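A short write-up of the structure that comes next.
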Amino acid sequence: MLRYLKEAKPQAEEDLSRVRETVRSILESVKREGEEAVRRYSRDLDNWAPDSFKITRDQMEEAGSRLPQSMKEDIDYCQAQIRNFAQEQMKRLVDFEVETVPGVFLGQKVIPVTSSGSYVPGGRYPMLASAHMTVITPKVAGVPRVVGCTPPVSGEGLYPATLYSMVAGGADEVYCMGGVQGLAAMAYGIEGLEPVDVVVGAGNKYVTEAKRQLFGHVGIDLLAGPTEILVICDGTADPYIVAADILCQAEHDPNSRQCLISLSRETAEKILREIHSQLKTLPTREVAALSWENYGEVVVVDSPGEAVELSDRWAPEHLEVQTDDWRYFLDNCTNYGSMFCGEETTVAYGDTTIGTNHVLPTMGAARYTGGLYVGKFVKVVTYQHATRSASLEIARVCERAAQYENMPAHGISCRVRIEKYEEKAGDRD
């Protein structure tokens with residue numbers, strides 16, 4: 001039985017018709033006019049119209065010199081964890097060939113795409129971790145050319161730390177362009193920028209809509225909305241820590257969603273009080289308080305099975321489990337972007353440091369997809385070859401199958417082989 005101590009306000013379905021039309025107009029303009037359109041939109045929307053949007057090698061090197069050594073060391077540490085995990089994932093995407101029946105050989109090859117574009121948002125905060133996640137991952141996958149793109153800050157260029165992160169991650173080219181026009185430039189190409197095969201990265205509703213409209217012309221990672229966290233806890237959880245973890249995601253965006261599923265009413269009530277208490281002194285309370293007030297909810301359940309059912313229905317981007325037996329939920333939950341098991345692993349680690357990719361499905365998309373990983377940047381292609389005796393056997397079945405589907409030319413393609421190979425077999429006899 002579900003007992004709500006706090007319910008989120010229903011999210012009204014936003015009318016995105018103006019967003020779609022704005023995005024369509026920008027994409028069409030960039031496709032038609034190239035850099036001239038990018039420059040116009042960049043000037044009007046971002047107060048940014050440099051001689052060149054491409055960051056030079058000197059500018060890349062200068063970015064590092066402007067950062068404290070300790071900051072560079074921390075960035076390098078985070079990138080090492082992300083690179084290590086991506087490398088382990090890549091080891092499990094392998095070429096193989098197998099003989100399925102005598103004389104028939106089927107195989108797969110794992111081939112990286114030729115180029116990818118990484119969009120790194122730079123609105124409210126410098127999103128260094130987005131640079132790590134979207135640049136390192138394709139490089140580990142073997143993508144020869146990775147383009148980084150990030151918007152200017154207040155018409156003054158990009159964050160030096162973001163630039164350093166992209167370069168340290170392995171970006172081959174970096175451009176200071178924002179929003180829809182930046183994505184369009186990477187997808188369609190402009191003067192000096194060859195188009196890419198895949199675009200990835202988070203952003204606002206305009207960026208998301210641009211990816212939606214560009215999909216098909218290029219590949220994309222996923223369509224992500226505001227961040228989400230769902231915490232499952234029981235009476236062993238520390239209310240102070242659970243409250244801090246919920247608020248660490250609430251500060252991202254006024255539209256962030258948070259849910260607490262508790263197996264203990266007493267603990268749930270303590271966490272509610274802790275959230276209100278911590279909000280009083282939280283530096284980002286202006287955003288976090290609004291997010292929690294509108295989109296936070298607290299539910300008390302009677303059993304771990306009931307918690308699993310509700311969590312899977314929610315399909316959260318981030319699932320935190322702070323219970324006596326977190327492995328039960330690891331074994332039984334199926335719909336989530338990434339799970340953080342035990343008090344020792346906060347979602348904040350996944351956002352920046354621990355090594356798993358933080359580009360994850362939101363808005364229930366965890367029901368059918370995982371997050372960004374090396375597999376998004378490779379094509380798993382297949383091939384097949386057969387001996388003549390095996391081809392003869394398959395051709396006889398395939399000819400009949402073609403008749404079932406009224407595809408006579410398919411049947412002829414089989415018949416010519418039957419006639420040739422039967423004749424050759426007769427010669428041998």
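A compact table of results
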read-out: Flag if T114 is surrounded by fewer than 16 Cβ atoms within 10 Å (Cβ to Cβ), in contact with a Pro (Cβ under 9 Å, 6 or more places away or on another chain), of a type outside the set (A, V, I, L, M, F, W, C) and within 28 Å of A37 (Cα to Cα); value: yes
read-out: Any hit, segment 375-386, residues being out of contact with any Asp or Glu (no Cβ under 6 Å at 6 or more places or on another chain), assigned by TED's automatic domain parsing to the domain that holds G296 and basic (K, R); value: no
read-out: Set D15, D46, D51: member being surrounded by 13 or more Cβ atoms within 10 Å (Cβ to Cβ) and not hydrophobic (A, V, I, L, M, F, W, C); value: D46
read-out: Test result for S154, hydroxyl-bearing (S, T, Y) and surrounded by fewer than 21 Cβ atoms within 10 Å (Cβ to Cβ); value: yes
read-out: Selection from segment 96-112 of residues that are of a type in the set (D, E, K, R) and in contact with an Asp or Glu (Cβ under 7 Å, 6 or more places away or on another chain); value: K109
read-out: Inter-residue pairs, beta-carbon under 7 Å, first farther than 14 Å from H132 by Cβ and in segment 345-369, second exposed (fewer than 15 other Cβ atoms within 10 Å of the Cβ), 6+ apart; value: P361/T369
read-out: Every pair of residues 6+ apart whose Cβ atoms lie under 7 Å, when the first sits in segment 285-307 and is closer than 20 Å to R3 by Cβ while the second is of a type outside the set (A, V, I, L, M) and in a helix (DSSP H, G or I); value: V300/R265; P304/Y328
read-out: Residue selected from segment 366-410 under the condition within 30 Å of R145 (Cβ to Cβ) and out of contact with any Pro (no Cβ under 9 Å at 6 or more places or on another chain), by the criterion surrounded by the fewest Cβ atoms within 10 Å (Cβ to Cβ); value: T382
read-out: Unmet requirement for V196, which otherwise passes all of (1) outside any loop (DSSP other than H, G, I, E, B); (2) of a type in the set (A, V, I, L, M, F, W, C); (3) crowded, with 24+ Cβ neighbours inside 10 Å; value: (1)
read-out: Single condition L319 does not satisfy, out of (1) surrounded by fewer than 20 Cβ atoms within 10 Å (Cβ to Cβ); (2) part of a strand (DSSP E or B); (3) not polar (S, T, N, Q); value: (1)
read-out: Any hit, segment 168-182, residues being of a type in the set (F, W, Y), at pLDDT 95 or above and in a strand (DSSP E or B); value: yes
read-out: Segment 52-74 residues that are among the charged types (D, E, K, R), paired with ones that are surrounded by 11 or more Cβ atoms within 10 Å (Cβ to Cβ) (beta carbon under 7 Å, 6 or more apart); value: K54/E173; K54/Y175; K54/G192; R66/P160; K72/G64; K72/Y164
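The values are calculated or read from the model by the stated rules, or taken from the named source; none is laboratory data. Bear in mind the structure is a predicted one, so any value in this text is a computation, not a measurement. Because the Cβ atoms are built from the backbone with ideal geometry, glycine has one as well, and the counts that use them run over all protein chains shown.
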